[in-house]
Amino acid sequence: MIVKTIKDKGLKITPQRQLIGEVLDGNKTHPSAEDVYKKVSKIAPTVSIATVYKTLNSLADLGVIQRLDVGDGKAHFDPDITPHSHFVCLNCKRIFDISTSAPLPDFGEEFRVVKAQAVYYGYCKECQDQKEE
Ligand SMILES: [Zn+2]
Ligand SMILES: [Zn+2]
């Protein structure tokens, strides 16, 4: 719950934050700011895209949500802030959560790895099936 995370962090619940929380909670599609704006404008038509951008970025900066860069030039937002990796389908462009059980890489003495968050690229099951037909 985004609103709960905001409270737990001792941050202020503004109407904008509440709204973004409503739209983003439980969302597993990793929407861009534009996608979030489309949903927000259905609930609150007076909220501008600039406000949505600002609120999303400040929530990400505060660690309430996660900002994700998958290399398509847009920031995507994820309400799941636990470390997890992502899989980007090169055909349908959807972003999936994946959990890998791969061991953390060992870079020797110089760098000690404590977590890894990777973005993998390829084709999702649906797109693979389409190609075979
Ligand atoms: Zn796909
Ligand atoms: Zn995710």
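FYI, it's all coordinate maths here, none of it is from the lab. Remember, it's a predicted structure, so these values are computed and weren't measured experimentally. Please note: Cβ atoms are built from the backbone with ideal geometry, for glycine as well, and neighbour counts cover all protein chains shown.
Below 13 angstrom from the Cβ of Pro45, what's the summed charge of the other residues (Lys, Arg +1; Asp, Glu -1)? Here the charged neighbours net out to +3. Note on Lys4: lysines with a C-alpha under 30 Å away, same-chain residues under 8 apart excluded, are Lys12, Lys28, Lys38, Lys39, Lys42, Lys54, Lys74, Lys115. The charge dipole of segment 85-132, taken about the Cα centre with unit charges on the Cβ atoms of Lys, Arg (+1) and Asp, Glu (-1), comes to about 200 debye, rounded to the nearest 20. Comparing Glu34, Glu110, Glu22 in a Gaussian network model of the chain, where Cα atoms under 10 Å apart are tied by springs, the biggest mean-square fluctuation is seen for Glu110. Place +1 on the Cβ of every Lys and Arg and -1 on the Cβ of every Asp and Glu in the chain, take the dipole about the Cα centre, and give the residue among Phe107, Asn57, Leu11 whose Cα lies farthest towards its positive end. Going by the charge dipole, the pick is Leu11. The charge dipole of the chain, taken about the Cα centre with unit charges on the Cβ atoms of Lys, Arg (+1) and Asp, Glu (-1), comes to about 700 debye, rounded to the nearest 20. Think of the chain as a dipole: +1 on every Lys or Arg Cβ, -1 on every Asp or Glu Cβ, centred on the Cα centre; then among Val119, Leu68, Phe96, Leu68 lies furthest on the positive end. Only aspartates and glutamates eight or more places from Lys125 in sequence, or on another chain, were considered; those with a Cα closer than 17 Å are Asp97, Glu133.
Please identify the longest segment of the chain free of exposed chymotrypsin sites (Phe, Trp or Tyr not before Pro), where exposed means a DSSP state other than H, G, I, E or B and no more than 13 other Cβ atoms within 10 Å. In short, 1-106.
Segment 82-133 has equivalent-ellipsoid semi-axes of 30, 11, 9 Å, by the square roots of 5 times the alpha carbon gyration tensor eigenvalues, sorted largest first. Of all beta bridges that DSSP places with both ends in segment 68-133, some 60 percent have antiparallel geometry. From largest to smallest, the equivalent ellipsoid semi-axes obtained for the chain from the alpha-carbon gyration tensor read 29, 22, 12 Å.
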